[in-house]
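Peer 1: To start, I am sharing the structure in question, which I have written as structure tokens.
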Amino acid sequence: MDDDWLVFDPEPSRPTFILPAGSVDAHCHVFGPGDEFPYAEERKYTPCDAGKDQLFVLRDFLGVDKNVIVQATCHGSDNRALLDALASAKGRARGVATVRPDVGHDELSEMHDAGVRAVRFNYVRRLVDPEPDAYYHRIVERIAPFGWHVVIYFEAADLEERWKFFTSLETDVVVDHMGRPDVTQSVDGPEFARFLSLMEEHQNFWCKVTCPERESLSGPPRFEDVVPFARRVVERFPTRVLWGTDWPHPNLHDYMPDDGDLVDFIPGIAPTPDLQRKLLVDNPMRLYWRDDA
Ligand code: 0GY
């Protein structure tokens, strides 16, 4: 792993907030293990190993019922570690893959059978070199027969430039980590207003109210400065929000969050049982387990 890599907390605290039955951690990853599932040549970081068994231990410890495992950029478009985790999860995990435009129909079909329901387009330059729009359009055409959706990861300052492409997508579109707001700005300021307009004007957009540990300057355990942003999104768009841990928390350099704190963040951003049930159970089930309904 990289010299400055911070390893996930092996002994998180037990959260005070009791997750509703059937809760979904809708954003987490598996890394390797590297000797079984090698990291991609083109990766921009080399993480610690953080495999499916450790993920499932955390799931059970926190009181989570299911996971949505998102292909991390350190594995490029080699989805084997993800598919192996899905196979071991016995229906309790769905996947978000990374594919190239030349991906074959049979390969997608196998991924669908394994539990993949989306692809991720990543625009964060420290993680990947973004491709031209045509590249992503070709992927959208490939996945159309499977009814998959698109997950996008970008930083707030890039939204304006990408707006036209994002809003041209006709699938459901899930935005990672609230579009990475700069929480030193006002929650009522123009930058976050742009993100809220995206959600308001495009009913196919969903938002993960995740990663307070990446967005916060006030820091753990409560991430107070992120709460108004996440709460605004949950209260305005209660049926299109998702929560997740982002375990094993790649690329953090100051501290590693305690996953128990990330569960205890929930009642501050979704203060009623109704909002909590939508955020944690109803919404992820509608998006990722719809064919089980
Ligand atoms: C996240 C965030 C990060 C990394 C990745 O796929 C990835 O490598 O998404 C990050 O460094 O901000 O969602 O885990």
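Peer 1: Being closer than 20 Å to Val174 by Cβ, within 15 Å of the ligand (Cβ to nearest atom) and of a type outside the set (A, V, I, L, M, F, W, C) is the filter here; which residues of the range 97-126 pass it?
Peer 2: Thr98, Arg120, Asn122, Tyr123
Peer 1: Which numbered condition trips up Leu169, out of (1) more than 30 Å from Ser13 (Cβ to Cβ); (2) surrounded by fewer than 18 Cβ atoms within 10 Å (Cβ to Cβ)?
Peer 2: Condition not satisfied by Leu169: (2).
Peer 1: Being within 22 Å of Pro132 (Cβ to Cβ), open to solvent by less than 10 Å² (accessible area, probe 1.4 Å) and not β-branched (Val, Ile, Thr): is that true of Gly179 here? It would help to see each step written out before you state the result.
Peer 2: On the way: within 22 Å of Pro132 (Cβ to Cβ): yes; open to solvent by less than 10 Å² (accessible area, probe 1.4 Å): yes; not β-branched (Val, Ile, Thr): yes.
Spelling it out, Gly179 is indeed within 22 Å of Pro132 (Cβ to Cβ), open to solvent by less than 10 Å² (accessible area, probe 1.4 Å) and not β-branched (Val, Ile, Thr).
Peer 1: Just the residues that are within 16 Å of the ligand (Cβ to nearest atom), farther than 17 Å from Leu287 by Cβ and aliphatic (A, V, I, L, M), please, taken from the range 220-249.
Peer 2: Val226, Ala230
Peer 1: Let me ask something additional. I'd like the full set of residues that are over 19 Å from the mean Cα position of the chain (by Cα) and within 15 Å of the ligand (Cβ to nearest atom), limited to the range 250-280.
Peer 2: His253, Asp254, Tyr255
Peer 1: Search the range 1-29 for residues that are closer than 24 Å to Tyr288 by Cβ and pair each with any residue that is within 16 Å of the ligand (Cβ to nearest atom) and open to solvent by 30 Å² or more (accessible area, probe 1.4 Å) when their beta-carbon atoms are under 9 Å apart and the residues are at least 6 apart or on different chains.
Peer 2: Listed by first residue and then by second, the contacts come to Phe8/Gln54; Phe8/Met256.
Peer 1: Please go through the range 143-153 and pick out each residue that is surrounded by 18 or more Cβ atoms within 10 Å (Cβ to Cβ) and in a loop (DSSP other than H, G, I, E, B).
Peer 2: Trp148, the sole residue that qualifies.
Peer 1: While we're here: Looking at the range 244-293, which of the residues that are in contact with a strand residue (DSSP E or B) (Cβ under 9 Å, 6 or more places away or on another chain) and small (Gly, Ala, Ser) is surrounded by the fewest Cβ atoms within 10 Å (Cβ to Cβ)?
Peer 2: If we take residues in the range 244-293 being in contact with a strand residue (DSSP E or B) (Cβ under 9 Å, 6 or more places away or on another chain) and small (Gly, Ala, Ser), then Ala270 is surrounded by the fewest Cβ atoms within 10 Å (Cβ to Cβ).
Peer 1: If I ask for residues that are more than 16 Å from Tyr45 (Cβ to Cβ) and in contact with a helix residue (DSSP H, G or I) (Cβ under 8 Å, 6 or more places away or on another chain), which ones from the range 237-246 would you list? Step through it out loud before you land on a result.
Peer 2: Keep residues of the range 237-246 that are more than 16 Å from Tyr45 (Cβ to Cβ), which gives 237-245.
Passing the criteria: Phe237, Pro238, Thr239, Arg240, Val241, Leu242, Trp243, Thr245.
Peer 1: Could you look through the range 185-199, keep only residues that are in contact (Cβ under 8 Å) with a residue 12 or more places away in the chain and in contact with an Asp or Glu (Cβ under 8 Å, 6 or more places away or on another chain), and pick out the one that is farthest from Phe237 (Cα to Cα)?
Peer 2: Residue satisfying both the conditions and the ranking: Glu191.
Peer 1: Something else now. Go through the range 35-77 and report how many residues are of a type in the set (Phe, Trp, Tyr) and within 11 Å of the ligand (Cβ to nearest atom).
Peer 2: Looking only at that region, the number is 2.
Peer 1: Let me ask you something else. Within the range 150-162, is there a residue that is within 23 Å of Asp291 (Cα to Cα), at pLDDT 95 or above and in contact with a Cys (Cβ under 9 Å, 6 or more places away or on another chain)? Break it down into steps so the answer makes sense when it comes.
Peer 2: Here is the first cut: in the range 150-162, the ones within 23 Å of Asp291 (Cα to Cα) are 150-152.
Remaining after also requiring at pLDDT 95 or above: 150-152.
Still in the running and in contact with a Cys (Cβ under 9 Å, 6 or more places away or on another chain): none.
No - not one qualifying residue is present in the range 150-162.
The values are calculated or read from the model by the stated rules, or taken from the named source; none is laboratory data. What you are looking at is a predicted structure, and each value in this text was computed from that prediction instead of being measured. Cβ atoms come from the backbone with ideal geometry, glycine included; neighbour counts cover every protein chain shown. Keep in mind that these areas ignore ligands, DNA and RNA; they rest on the heavy atoms of the full protein, side chains included. Shrake-Rupley method; radii C 1.70, N 1.55, O 1.52, S 1.80 Å.
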